Amino acid sequence: MSILHHQFHKLYQYRKSISTKVFSSRGKNLSRCDFCLQGISFCVCDSRRQLISNTNFLLLMHDDEILKPSNSGRLVADLIPNTTAFLWSRVDVEQALIDLIDNDTYQPVLIFPSDYAKPEREVFESVSDIPALKTKPPLFILLDGTWRQAVKIFRKSSYLDKVPMLSFSPEHIASYAVRKGQRDFQMGTAEVAALAIDSFGEKDNANALVLWCNVFKEATLRGRNKRSAAELQPFNLYKDAFSNAHKKAIQNML
Ligand SMILES: [Zn+2]
């Protein structure tokens with residue numbers, strides 16, 4: 001089976017090629033797969049399957065984030081075919097990024113907490129509240145980095161100022177997390193993407209992404225090798241759960 005490579009992989013390879021220092025992270029001595037960034041024995045590339053979706057994603061990534069094995073933004077690119085990733089720079093803004101935001105085919109929507117919005121900013125709490133999405137597919141923009149980095153990207157990227165914001169209320173996030181059986185309501189980039197996909201009405205696609213996150217988290221924990229065998233469920237259970245959710249989601253979209 002050929003392993004599907006997507007745009008994030010290309011950006012990762014590029015960023016790695018210009019890197020002057022060895023990336024230091026937890027588990028840096030682990031020999032990793034170049035694509036899923038998991039330890040070789042926990043490579044999940046064979047399980048990666050794209051969905052069929054009417055959503056589109058733009059990941060605006062902080063430079064520190066892209067080489068991190070724990071980054072979850074790329075899980076969106078794993079599943080959603082039309083996902084584009086850019087390295088964020090405060091000064092050198094790529095024209096392709098501006099062109100994509102300005103592309104009339106899509107309605108760009110920035111997903112970010114409303115607390116940071118200036119009073120004049122258009123902020124919506126649900127996808128169904130955004131009038132332009134009745135006629136155009138969404139281009140969901142995610143700022144991918146630590147919380148501080150994401151706030152910096154938000155504040156220092158004036159081309160985002162005109163983009164309407166989608167901001168989920170804490171109650172909405174909590175009820176979604178409960179529905180998904182998550183104990184921890186802290187959401188990573190991929191989980192926020194799942195929330196947006198769910199809000200757009202592609203519930204089975206959102207579910208498949210959540211289960212893909214679970215495969216990834218389990219592979220990461222196994223790479224750290226801190227748990228006893230008794231604590232471990234067979235890894236295939238996670239992969240099978242994703243595979244079943246993926247099949248169901250594809251059938252719904254055909
Ligand atoms: Zn892999």
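How many residues are within 16 Å of the ligand (Cβ to nearest atom) and either in a helix (DSSP H, G or I) or hydrophobic (A, V, I, L, M, F, W, C) (or both) if we restrict to the range 41-63? Result for the range 41-63: 7.
Applying the selection to the range 227-252, what residues are over 14 Å from Lys217 (Cβ atoms) and surrounded by 12 or more Cβ atoms within 10 Å (Cβ to Cβ)? Of everything in the range 227-252, those that are over 14 Å from Lys217 (Cβ atoms) and surrounded by 12 or more Cβ atoms within 10 Å (Cβ to Cβ) turn out to be Asp240, Ser243, Asn244, Ala245, His246, Lys247, Lys248, Ala249, Ile250, Asn252.
This table checks each residue for (1) under 23 Å from Ala190 (Cβ atoms); (2) in contact with a Ser or Thr (Cβ under 9 Å, 6 or more places away or on another chain).
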residue: Val76; (1), (2): yes, yes
residue: Leu87; (1), (2): yes, no
residue: Val91; (1), (2): no, no
residue: Asp99; (1), (2): no, no
residue: Ile111; (1), (2): yes, yes
residue: Asp115; (1), (2): yes, yes
residue: Pro119; (1), (2): no, no
residue: Ile141; (1), (2): yes, no
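From the list Phe185, Phe242, the lone residue that is at pLDDT below 90 and either touching a helix residue (DSSP H, G or I) at 6+ places or on another chain (Cβ under 6 Å) or of a type in the set (D, E, K, R) (or both) is Phe185.
Filtering the range 142-151 to residues that are free of Cβ contacts under 8 Å to residues at least 40 places away in the same chain and either surrounded by 12 or more Cβ atoms within 10 Å (Cβ to Cβ) or more than 21 Å from the chain's Cα centre (by Cα) (or both) leaves only Val151.
Evaluated against (1) assigned to a helix (DSSP H, G or I); (2) closer than 21 Å to Ser17 by Cβ, Ile66 falls short on exactly one condition, (1).
The set of residues from the range 97-123 being modelled with pLDDT of 95 or more and assigned to a helix (DSSP H, G or I) comprises Leu97, Ile98, Asp99, Leu100, Ile101, Asp102.
Looking across the range 84-105 at every residue that is among the hydroxyl-bearing types (Ser, Thr, Tyr) and more than 17 Å from the chain's Cα centre (by Cα), the one that is farthest from Ala193 (Cα to Cα) is identified as Ser89. Taking every residue in the range 30-43 that is farther than 20 Å from Asn214 by Cβ and of a type in the set (Val, Ile, Thr) and pairing it with any residue that is within 8 Å of the ligand (Cβ to nearest atom) and part of a loop (DSSP other than H, G, I, E, B), at least 6 positions away or on another chain, the pairs with Cβ-Cβ distances below 6 Å are Ile40/Cys33.
Matching residues to (1) touching a residue at least 24 places away in the same chain (Cβ under 8 Å); (2) within 26 Å of Asp64 (Cα to Cα):
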residue	(1), (2)
Arg121	yes, no
Asp129	no, no
Phe140	yes, yes
Tyr159	yes, yes
Glu191	yes, yes
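The values are calculated or read from the model by the stated rules, or taken from the named source; none is laboratory data. All values derive from a computational prediction rather than experimental measurement. When we count neighbours, we look across all protein chains shown, and the Cβ atoms used for this are built from the backbone with ideal geometry, even at glycine.
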